[in-house]
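Notes for the one structure printed next.
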Amino acid sequence: MAEGRFIAYQPLSLQVVDGRVTDADAEGIRADLTQLRARFDSLITYDAVHGAQQIPAIAAALKFRALIIGVWDPADGAQLDAALEAARRFPRLVVGISLGNETLFARRSDPAALTALIQRVRARAPEVALATSEPFHVYDEPATAAVLAQLDFLLPIVHPVFQPWFRDAEASTAAQFVVNVLGKLGPIACGPILVKETGVPTAPASAGFSEARQAAFYAALRRVLPPSGTQAFAYFAAYDAPWRAYDATGVPGAPTVHPEEAHWGLYDDARRPKAAARELPRLPP
């Protein structure tokens, strides 16, 4: 964490529309990761199947330093097996596995079931660092304490854009909000904290989003949250995903269209870098 530059990555070629998955292809993944490697050396993924099982080998060939594999549904044996197999094959690359993304928040599981699942995975692969990724407030709920006790590190989701004050806030205020959240999570954390998702969409402009605002937020966050061995943040996300505007969340009662969800990328869906990406110094190969 202290030396790597992480980015949350989902292949451009992987799409989910009305629950139907279009698998990622190796050629697309290779093109994505070849571009990303110029400015990022560490990845956090969301899926271990649907073509994403090709990511570890391609990332290793491109000399990425670290990969945290996300398992979207850790109760699915095939997804879990794929992640554990990748960790076995690429032990120097795969530094952890994230068991679920907003699983508790979206009510796809409950703390007792998730705790039991983590224990089963630990028994199968005691050498693999385990986490789960939730909006930051979920970790502070009393029922989640048993889950935290089983984890090796935290991958919180901390989005200033969903706070009621965000629209008129300065970039420095939004960045300080992330730091303040980490200050509250620190006493309950099970280990290092890597913020998996935090950022600013670049559209729609009607909601106050822009490339300039995204770049300003990350510049401010780099100033107040320099990476260390205990706390760091990942850029969110690698690429725009137009389909996500209509398939972004499974939270009961949530709106069905989220236009901002299509524009979180530091690169657009044609792989063109936005201002936030262009401002980052290139990394050595």
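The values are calculated or read from the model by the stated rules, or taken from the named source; none is laboratory data. Quantities reported herein were computed from a predicted structural model and do not represent experimental measurements. Positions of Cβ are backbone-derived with ideal geometry, glycine not excepted, and every protein chain shown enters the neighbour counts. Please note that ligands, DNA and RNA were not included when accessible areas were found on the heavy atoms of the full protein model with its side chains. Shrake-Rupley method; radii C 1.70, N 1.55, O 1.52, S 1.80 Å.
The table that follows gives values for the structure above.
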read-out	value
Solvent exposure of the chain as accessible area per residue, Å², 1.4 Å probe	44
Helical contribution to [θ] at 222 nm, DSSP H n ≥ 4, -39,500 (n - 2.57), averaged over the chain, rounded to 500	-8500 deg cm²/dmol
The stretch 1-128 shape via C-alpha gyration tensor axes, a/c threshold 1.5	oblate
Magnitude of the charge dipole, the chain, Cβ model with Lys/Arg +1 and Asp/Glu -1, debye to 20	880
Relative contact order [Cα under 8 Å, 6+ residues apart], the stretch 1-80, whole percent	31
Net lengthening on full extension, Thr256/Glu279 (0.36 nm per residue, minus Cα-Cα)	4.9 nm
Prolate/oblate/rounded call for the stretch 80-194, Cα gyration tensor, a/c under 1.5 rounded	prolate
Approximate spin-label separation Ala57-Ala78, in nm, with each point projected 7 Å along Cα-to-Cβ	1.8
Protein accessible area in the chain, 1.4 Å probe - carbon and sulfur %	54
Label zone at Arg124, where the point sits 7 Å out along the Cα-to-Cβ direction: the stretch 44-87 residues whose backbone N lies under 15 Å	48-49, 69-87
Contour minus Cα-Cα distance for Asp168 and Ala2 (0.36 nm per residue)	56.6 nm
